[in-house]
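The values are calculated or read from the model by the stated rules, or taken from the named source; none is laboratory data. Source: prediction; values computed, not measured. Positions of Cβ are generated from backbone atoms using ideal geometry, with glycine treated the same way; all protein chains shown enter the neighbour counts.
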């Protein structure tokens with residue numbers, strides 16, 4: 001998983017903070033990157049897809065941010081920089097995030113932390129929807 005945590009057993013609170021930070025950062029980076037593409041994309045279908053995706057990534061970043069402790073913490077921008085092959089690269093990022101959420105989901109104790117479990121379910125469904133809407 002991208003957050004650099006082990007993928008076995010229930011996630012501890014310290015690891016969960018790292019995962020939430022990573023997911024917030026990745027979604028913030030995708031919001032910024034994909035949002036920049038909207039204005040200079042000539043294909044209307046891709047332009048719309050990028051605009052919808054950008055707005056959703058901003059919302060997802062907010063959802064992950066809500067899962068973090070509210071004491072100010074340092075966090076960097078996610079590792080997303082795409083300059084060519086935008087649609088294919090974006091699909092790959094979306095697919096990787098879905099895979100990461102699929103790996104994370106069974107590690108969250110939904111009884112102990114139902115809010116994080118709901119965020120995972122909601123964000124995953126949104127990412128799958130974005131993939132389904134991808135222009136061909």
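Out of everything in the stretch 111-136 that is under 30 Å from residue 43 (Cβ atoms) and not in a helix (DSSP H, G or I), what residue ends up being modelled with the highest pLDDT?
Among those that are under 30 Å from residue 43 (Cβ atoms) and not in a helix (DSSP H, G or I), it is 134.
Please go through the stretch 105-127 and pick out each residue that is under 25 Å from residue 35 (Cβ atoms) and surrounded by 15 or more Cβ atoms within 10 Å (Cβ to Cβ).
Residues satisfying the conditions are 119, 120, 123, 124, 126, 127.
Per-residue answers, yes or no, for (1) modelled with pLDDT of 95 or more; (2) in a helix (DSSP H, G or I); (3) in contact with a helix residue (DSSP H, G or I) (Cβ under 9 Å, 6 or more places away or on another chain):
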| site | (1), (2), (3) |
| --- | --- |
| 57 | yes, yes, yes |
| 60 | yes, yes, yes |
| 75 | no, no, yes |
| 79 | no, no, yes |
| 84 | no, no, no |
| 99 | yes, yes, no |
| 103 | yes, yes, no |
| 109 | no, no, yes |
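What pairs come out if I take residues in the stretch 90-116 that are without any contact (Cβ under 8 Å) to a residue 12 or more places away in the chain and pair them with residues that are assigned to a helix (DSSP H, G or I) whose C-beta lies under 8 Å away, six or more apart or interchain?
Hits for this filter: 110/117.
Restricting to the stretch 6-21, name every residue that is in contact (Cβ under 8 Å) with a residue 24 or more places away in the chain, farther than 18 Å from residue 126 by Cα and assigned to a helix (DSSP H, G or I).
16, 17, 19, 21
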